[in-house]
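What follows is a short report on a single structure.
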Amino acid sequence: MNGNLGRGWSVLLLFSLISGFCLAPRAAEINITRTNFTERYITNVIDVHMPMNVFVTEYHTNYFERVLTNVVQRYATNLASRVLTNTVMVNAIQTNLIKTYHTNWSTLFLTNQLAVDSLHTNFVDRYQTNWTTLTLTNWKNVLVMRTNWINQPVTNVVQLDMTPPGATVSGPEQGQARPAPAPTPASAPMAATPASQPAPLPPAPLSNDISLEAYRTGRPVINNSVEVQMKVRWTGPTASSLLVQQWRVESEDGTILVQAQDKDFRRDLPLGRYKVEVRVRREASGPLLAARGSLSVTARDAYVLQKLAIN
């Protein structure tokens, strides 16, 4: 079929060339093309699909439901109880610390102590079942006297009567020494007559305007005792001198009690802790004021911690 078609096209082309040659003028050139005809065989290709069966053995089992759970890591922490309290603002006052020098080579630091109202926010129920009866006694002034004992040597005195040369002595006293007069016995110390006890002072309120100062003097330690000097001064807004009415120093175990009315307290005290109380007046007819504290006496220094009054 394709061969016939090729031949038809060749004849048509040849006829077109001849017609153009006859119609064209004789002086024109004509290209003549000759085709070699070849036979071509075309095969009809038909695709045939052949299935290949693969046999598979199928097994049926009993079906059941399977449940899967998502596993999550859990972290456990230690639980701690925390108690929070209410914070109360307190005005803090800081003073300038100044070194003061004394003749006994002791450095004393003084600070202005102010009373601060303490507020408690946590309320706790308190139950008291045991009742105790407390009996208070009135303080009485006791005069304590201490004597320093001194060893006093006593020498036996013998009197010899010697006769000068050339002198004659008659009688039995010749060549014999007169007996020494018997030594007069040392007069026994007079018993201290008990002084009249001062009248007890009325109770006095504590005053924060009174400052207690204590320090050790330069005397060395003798028999485990040191010399302590205490002073009292007025720290109020207006300067004023104080009239000391009574000093009272008592050891914690109650074995030592010293009372004095001097302006400055100066005594030999054994090492230890003492309770101190001083009562003063700003004027002769003014009210009675008091200051209390705790005195500590050591081999190196002495200081007092004053107790403040709660307004």
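Please enumerate the residues belonging to segment 258-273 that are more than 12 Å from GLN229 (Cα to Cα) and under 36 Å from the mean Cα position of the chain (by Cα). Quick ask: steps written out before the conclusion?
Taking segment 258-273 as the starting set, the residues that turn out to be more than 12 Å from GLN229 (Cα to Cα) are 258-261, 270-273.
Of everything in segment 258-273, those that are more than 12 Å from GLN229 (Cα to Cα) and under 36 Å from the mean Cα position of the chain (by Cα) turn out to be PRO270, LEU271, GLY272, ARG273.
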Members of segment 269-311 that are more than 30 Å from ILE222 (Cβ to Cβ), assigned to a loop (DSSP other than H, G, I, E, B) and not aliphatic (A, V, I, L, M): ARG282, GLU283, SER285, GLY286, PRO287, ASN311
Residue count, segment 289-311 (criterion: more than 27 Å from the chain's Cα centre (by Cα) and either crowded, with 16+ Cβ neighbours inside 10 Å or of a type in the set (Phe, Trp, Tyr) (or both)): 3
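Per-residue answers, yes or no, for (1) touching a residue at least 24 places away in the same chain (Cβ under 8 Å); (2) in contact with a Ser or Thr (Cβ under 9 Å, 6 or more places away or on another chain):
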site	(1), (2)
GLY254	no, no
GLN259	yes, no
ASP264	yes, no
TYR274	yes, yes
VAL278	yes, no
ARG282	yes, yes
ARG292	yes, no
LEU295	yes, no
LEU305	no, yes
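Picking from THR100, THR87, which residue would you name as being of a type in the set (Val, Ile, Thr), under 30 Å from LEU308 (Cα atoms) and modelled with pLDDT under 85?
Sole residue among the options that is of a type in the set (Val, Ile, Thr), under 30 Å from LEU308 (Cα atoms) and modelled with pLDDT under 85: THR100.
The values are calculated or read from the model by the stated rules, or taken from the named source; none is laboratory data. All values reported here derive from a predicted model rather than from experimental measurement. Neighbour counts run over all protein chains shown; Cβ positions are idealised from the backbone, glycine included.
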